[in-house]
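Colleague: Okay, handing you the structure first.
The values are calculated or read from the model by the stated rules, or taken from the named source; none is laboratory data. Note that the structure is predicted; figures quoted are calculated from it, not measured. Don't worry about glycine lacking a Cβ; one is built from the backbone with ideal geometry, like all the others, and counts go over all protein chains shown.
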Amino acid sequence: MIRNIFVNLPIQDMARSQAFFKALGMSFNPRFTNEQGACMVIADNIYAMLLVEPFFQGFTKLPISDAKQSTEVLIALSCDSREEVESLIGKAVAAGATTPNEPKDYGFMYQHGFADLDGHQWEVFYMDESAAPEQM
């Protein structure tokens, strides 16, 4: 049985990345955080491992993609309300993020996103599942 998810992301500067995500309200598990990697707690059982690029490279023989030049992954985070979506986007922008896309309102779902300091794209959304169409 799968119990946890760890998304591993290459970063350039550990202190800068931790400061950015702390400004968004994220915390880090100190047992699994050092100068090479940081275990960011997103929610119960959901974590992002921020790994400095040389350490990240040790896990793959493929080149590390530059998230500022090409999309490697879209990380989607759900929120409890539209206001929470915009609050998180506001914190991200204040901490140095960019917003690559305009917010989208689908009626049952509201979505906005940011690109973090290393270019990783985070999609933040609120969805009212009871209002979603039967089939998408």
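Colleague: Select from the range 52-97 the residues that are of a type in the set (V, I, T) and closer than 16 Å to M14 by Cβ and write down the one among them that is modelled with the lowest pLDDT.
Modeller: The qualifying residue modelled with the lowest pLDDT is I64.
Colleague: Output the residues belonging to the range 13-50 that are under 17 Å from V124 (Cα atoms) and in a loop (DSSP other than H, G, I, E, B).
Modeller: L24, G25, M26
Colleague: Quick check: is even one residue across the range 116-130 modelled with pLDDT of 95 or more and either small (G, A, S) or loosely packed, with under 11 Cβ neighbours inside 10 Å (or both)?
Modeller: Yes, the range 116-130 has at least one match.
Colleague: I've got another one for you. So if I check each of L88, L74, which one is under 13 Å from the mean Cα position of the chain (by Cα), loosely packed, with under 11 Cβ neighbours inside 10 Å and under 19 Å from Q121 (Cα atoms)?
Modeller: Exactly one of L88, L74 is under 13 Å from the mean Cα position of the chain (by Cα), loosely packed, with under 11 Cβ neighbours inside 10 Å and under 19 Å from Q121 (Cα atoms), namely L74.
Colleague: With the requirement that a residue be hydroxyl-bearing (S, T, Y) and surrounded by fewer than 16 Cβ atoms within 10 Å (Cβ to Cβ), what does the range 21-71 give you?
Modeller: If the condition is that a residue be hydroxyl-bearing (S, T, Y) and surrounded by fewer than 16 Cβ atoms within 10 Å (Cβ to Cβ), then S27, T60, S65, S70, T71 are the ones that fit.
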